[in-house]
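Chemist: Once you've had a glance at the structure underneath, I'll fire off some questions.
Taken together, the values in this text are just the output of simple stated rules run on the coordinates, not laboratory data. Note that the structure is a prediction, hence the values are computed from the model and not measured. Note: ideal-geometry Cβ built from the backbone for every residue, glycine included; neighbour counts use all protein chains shown.
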Amino acid sequence: EGVFGVAIGVAATYVYLFILFGAFLQKSGTTKLFANFALAMAGHTPGGPAKVAVIASGLMGTIQGSSAANVAATGMFTIPLMKSLGFKSYFAAAVEAVASCGGQFLPPVMGASAFIMAEYLGAPYAYVAAGAALPAILYYIAVYYQVHLRAIKVGMVGIPRNRLPAVKGVIIKEGHLLLPIIILM
């Protein structure tokens with residue numbers, strides 16, 4: 001099969017569509033929804049900005065499947081936020097990098113390797129995505145917990161609640177942007 005083997009075939013048929021889908025969601029404002037939702041959920045907790053990075057990167061990972069794109073989309077917001085509240089630059093970058101790496105195996109949109117796995121296994125993509133769900137969730141729980149432990153150890157505080165959006169307000173104002181993701185699942 002050479003150059004036009006399984007990998008190119010999968011990229012031409014499936015990966016392209018999911019990249020297009022991710023670009024559509026970014027342009028529609030879904031990244032803002034994820035950032036605001038993450039801020040509302042965890043911004044006030046100890047180490048809040050780092051937890052926001054973990055949650056936002058996890059949510060972005062559901063639509064991108066690319067670590068680099070995930071860092072570019074969420075890091076420009078979360079890294080300065082972490083640094084402004086006293087996190088060291090290297091820690092802020094490390095949290096964002098580790099959190100963004102999970103997007104490679106977080107369903108429903110995973111990295112190209114998931115499509116290649118489905119092709120080689122002769123199984124539906126949904127089967128591969130379902131198999132990746134639990135490990136991906138456990139990964140993000142572990143990263144979140146490590147951030148929490150580090151924040152407690154060094155005495156990091158969260159963002160005051162009066163500077164954060166309300167969860168209900170975020171869902172009411174921007175929740176419609178989740179419909180394409182729900183339909184995809």
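Chemist: Let me check against my output: what whole-number percent is the relative contact order of the stretch 2-184, with C-alpha pairs under 8 Å and at least 6 apart?
Modeler: Relative contact order of the stretch 2-184: 30 percent.
Chemist: Determine the sum of side-chain charges near A69: Lys and Arg each +1, Asp and Glu each -1, restricted to other residues whose C-beta is under 15 angstrom from that of A69.
Modeler: Around A69, the surrounding residues sum to 0.
Chemist: Can you name the helices of the chain, as whole DSSP H runs, whose Cα span along the helix axis is 15 Å or more and whose Kyte-Doolittle mean is not below -0.5?
Modeler: The answer, listed by residue number, is 16-27, 30-42, 48-64, 67-84, 89-101, 125-154.
Chemist: Would you mind computing the Rg to Rh ratio of the stretch 105-164 from its alpha-carbon coordinates, Kirkwood style for Rh?
Modeler: With Rh from the inverse mean 1/r over Cα pairs, Rg/Rh is 1.25.
Chemist: Using a Förster radius of 25 Å, what is the FRET efficiency between R163 and A93 based on their Cβ-Cβ separation? Nearest 0.05, please.
Modeler: The calculated FRET efficiency here is 0.60.
Chemist: Under 12 Å from the Cβ of K32, count the other residues' Cβ atoms, weight Lys and Arg +1, Asp and Glu -1, and hand me the total.
Modeler: +1
Chemist: Just from its helices, what would the mean residue ellipticity at 222 nm be for the chain, if runs of 4 or more DSSP H residues each count -39500 (n - 2.57) and the sum is divided by every residue, rounded to the nearest 500 deg cm²/dmol?
Modeler: Counting only the DSSP helices, I get -22500 deg cm²/dmol.
Chemist: Next up: Working only with C-alpha atoms, what are the Rg and Dmax values of the chain, expressed in angstrom?
Modeler: 17.3, 60
Chemist: Continuing with the same structure: In the chain, with Lys and Arg counted as +1 and Asp and Glu as -1 at Cβ, which of these residues, T62, I182, P160, has the Cα nearest the positive end of the dipole, that is, farthest along it?
Modeler: With unit charges placed on the Cβ atoms, the residue in question is P160.
Chemist: Using +1 at the Cβ of each Lys and Arg and -1 at the Cβ of each Asp and Glu in the chain, identify which of A72, V143, A40 lies farthest towards the dipole's positive end.
Modeler: A40
Chemist: Dipole size in debye (nearest 20) for the stretch 2-184 around its Cα centre, Lys and Arg Cβ +1, Asp and Glu Cβ -1?
Modeler: 760 debye
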